[in-house]
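The values are calculated or read from the model by the stated rules, or taken from the named source; none is laboratory data. Source: prediction; values computed, not measured. Here Cβ is always computed from backbone atoms with ideal geometry, including for glycine, and neighbour counts include all displayed protein chains.
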Amino acid sequence: MDKASELKSTPSTRTYKHNNRSLNSNIMHFRSPFSIAMAIISYGVSATVCAQARPKAVVYRGPASSEGCPEGVRDLLVSSPSNFEVVFAGPNEPIDVIEALKGATVYAHGGGPNWGEAYRSTKKYEKAIQEFVKSGGHYLGFCLGAYLAGPVNGYNLLPKGVDTEQEIERRGAQIKGQEDAVINVDWTFQSGTTEHKRWLYFQDGVVIRGLDASKPGKIVGKYSANGDVAASITPYGKGSVGLVGPHPEADHTWYEGAGIKNPEGIRFDIGHDFVEATIHAGSGKRS
């Protein structure tokens, strides 16, 4: 749940700007009808792009998060195909969670310290988070954030009978301790392709238990060593809940800070797939 790393640097974001005055002035100096038509079309395309606002994601940052974890989630969301505009929210931020959820597409909670303490400090957001997802929003839980979605010390966002527990306590687990490590995961992408024994950053991550064929939702990741569920997407009302035990958002600073290496290099394809699969998930039973 915790991690050893420095704060991530702020990523660059895309902005679209146009100057109405200079564009109109240029149109007045065009001499041919074709030039005028092309200028009008160009202006219309520019205005359309500007009107298409990036989807908003709220990322929790506060006592129930560890240094660098919210920033890692932010970086993943900004670099995803959906190119989210990210707002940090929490008790020490300019805006708290409940207010920040207005107009958001995603609420995400990354890694953090003690599970029980984290729930006690964020329990005040529980009803707002439930209503947000029930109304069509999406919850993304990474490591501690995944634990917090369960029915015990959590927001109760999962189908009845589905629970979150520690993978390190499970029989056949690849990692048995709480140290920062890398772990093998079998990941099924939205394309339907499953890649086996992919390496991901791991620190006391969650296992999702009870997600059998009778439950709605789908399994997208399994721990290679024992087949336990490492990542899932389940419906909640009109929205969806995506949980992942390892850290697909981990960048080079995480590995350097922990003194470990990823044998296949640092890649974000699994993280991006997790985000996109969750926000585009439909309800229904797992096949």
Item checked: Residue check for ARG198: more than 20 Å from the chain's Cα centre (by Cα), in the same structural domain as LYS238 (by TED's automatic domain parsing) and within 26 Å of ILE260 (Cα to Cα) -> no
Margin query: Which numbered condition in (1) touching a helix residue (DSSP H, G or I) at 6+ places or on another chain (Cβ under 7 Å); (2) under 23 Å from HIS138 (Cβ atoms) is the only one that ALA230 fails?
Written below: (1)
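Residue-wise test of (1) assigned by TED's automatic domain parsing to the domain that holds ASP251; (2) in contact with an Asp or Glu (Cβ under 8 Å, 6 or more places away or on another chain); (3) more than 20 Å from ILE233 (Cβ to Cβ); (4) aliphatic (A, V, I, L, M).
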| position | (1), (2), (3), (4) |
| --- | --- |
| SER65 | yes, no, yes, no |
| ASP75 | yes, yes, yes, no |
| PRO81 | yes, yes, no, no |
| PHE88 | yes, no, yes, no |
| VAL106 | yes, no, no, yes |
| GLN130 | yes, no, no, no |
Check: Residue check: is VAL241 among the β-branched types (Val, Ile, Thr), within 15 Å of the chain's Cα centre (by Cα) and crowded, with 23+ Cβ neighbours inside 10 Å?
Finding: yes
Margin query: Being more than 23 Å from TYR107 (Cβ to Cβ), over 15 Å from the mean Cα position of the chain (by Cα), assigned by TED's automatic domain parsing to the domain that holds PRO81 and not polar (S, T, N, Q): is that true of GLY257 here?
Written below: yes
Note to self: Looking at PRO248, PRO235, PRO216 in this structure, which one is farther than 22 Å from TYR119 by Cβ, out of contact with any Asp or Glu (no Cβ under 7 Å at 6 or more places or on another chain) and crowded, with 24+ Cβ neighbours inside 10 Å?
What the structure shows: PRO248
